[in-house]
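The structure appears below as structure tokens.
Read-outs: derived from the displayed coordinates by stated rules, not from any lab. Quantities reported herein were computed from a predicted structural model and do not represent experimental measurements. Here Cβ is always computed from backbone atoms with ideal geometry, including for glycine, and neighbour counts include all displayed protein chains.
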Amino acid sequence: MSPPTLAVFKLASCDGCQLTLLDCEDELLGLSGQVEIAHFLEASSAVRPGPYDLTLVEGSVTTPADAERVHEIRAASRHLVTIGACATAGGIQALRDFADVEEFSRTVYARPDYIDTLATSTPVSAHVDVDFELRGCPVDRRQLLEVITAYLAGRKPDIPNNSVCFECKRRGTVCVTVAHGTPCLGPVTHAGCGAICPAYGRGCYGCFGPSGSVNLPALIPVLHRDGMDDRDAERFLHTFNTAAFEKELRR
Ligand code: SF4
Ligand code: SF4
């Protein structure tokens, strides 16, 4: 019997999540014995057409061409998993959702007339059905391996939907907000990184996006108490997962 096929595709993104997969090194070698890596341009120019058993998609939909391509990818994929803040929330490029994209193009490019872009940056799930969304900017390698392994084994990925606060408690990190009044998005941010930033004495800035049970409006007065004005709080939330946190604020 031929092994299951794995494909990796990229839309608008920085490649950091694909690099996380390449960074798996030893595990990737083990994986390559269990699957046929059929399409992964960051690793090899040898590609074969679908259908694919498991497809990972990095990046957001920002151009008319990507909006079409994502349907082709979906049609060629038995399971489709999106990886990273770009693919699951529109990424930092979704800052355009709250601005004038044509003004951005005129400011950045010498020939904006060459630019063919959409006015928004949207997650893949806004266009096609997605089987699983793995958060993070970039994704965590242990979580990425868990998701791939789970789909190859035919089971549900074991990715808890709780917040970074749970990870601080688990590793015994003293809460930076309670102990030092440091602004922190940990209470509303999806777990997965192992609470790296609070472990080094700084607040979480939300690179994994909203967790499963978010009460973002309740956190805003705490950010104010800890010295942020409205503009600081807005900038704090408008980074890698800007559209996802904005959605939570408007809920
Ligand atoms: S989620 Fe972050 S690391 Fe991944 S592709 Fe987007 S910008 Fe890069
Ligand atoms: S910003 Fe938050 S989610 Fe991102 S690595 Fe730091 S603690 Fe983890």
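Placing +1 on the Cβ of every Lys and Arg and -1 on the Cβ of every Asp and Glu, with nothing else charged, gives segment 5-153 a dipole about its Cα centre of roughly 100 debye. Straight-line cross-link reach from Lys169 at under 22 Å between alpha-carbon atoms covers no lysines, not counting any fewer than eight positions away in the same chain.
The value given for the chain is a Kirkwood hydrodynamic radius of 19.2 Å, derived from the mean inverse Cα-Cα separation. Annotation: amide H-H contacts under 5 Å for Cys204 (H modelled 1.01 Å from N, sequence separation of 5 or more, or interchain): Leu185, Gly186.
Charge dipole (Cα centre; +1 on Lys/Arg Cβ, -1 on Asp/Glu Cβ; no other charges) of the chain amounts to roughly 640 debye. Taking the C-alpha atoms only, the angle from helix 216-225 to the longest principal axis of the chain is near 40 degrees. Look at the dipole of the chain built from charges on Cβ: of Leu41, Ala243, Pro51, the Cα furthest out on the positive end belongs to Ala243. Which FRET efficiency, nearest 0.05, do Glu42 and Cys175 yield, Cβ-Cβ r, R0 35 Å? The computed FRET efficiency comes out at 0.35.
Considering only beta bridges that DSSP places wholly inside the chain, some 20 percent are antiparallel. Relative to the longest principal axis of the Cα atoms of the chain, helix 64-75 runs at roughly 60 degrees. A simple count of charges around Ala65, restricted to other residues whose Cβ falls under 12 Å of its Cβ and scoring Lys, Arg +1 and Asp, Glu -1, yields -3. Can you grab the distance from the C-alpha centre of segment 159-207 to the C-alpha centre of segment 1-55, Å, no decimals? Spelled out, the Cα-based centre of one part sits 31 Å from the other. Please label the shape of segment 164-250 as rounded, prolate or oblate, based on the square roots a ≥ b ≥ c of the eigenvalues of the alpha-carbon gyration tensor (a/c under 1.5 means rounded; beyond that, a/b larger than b/c means prolate, else oblate). Oblate is the answer for segment 164-250, as a/c is 1.5 or above yet b/c matches or exceeds a/b.
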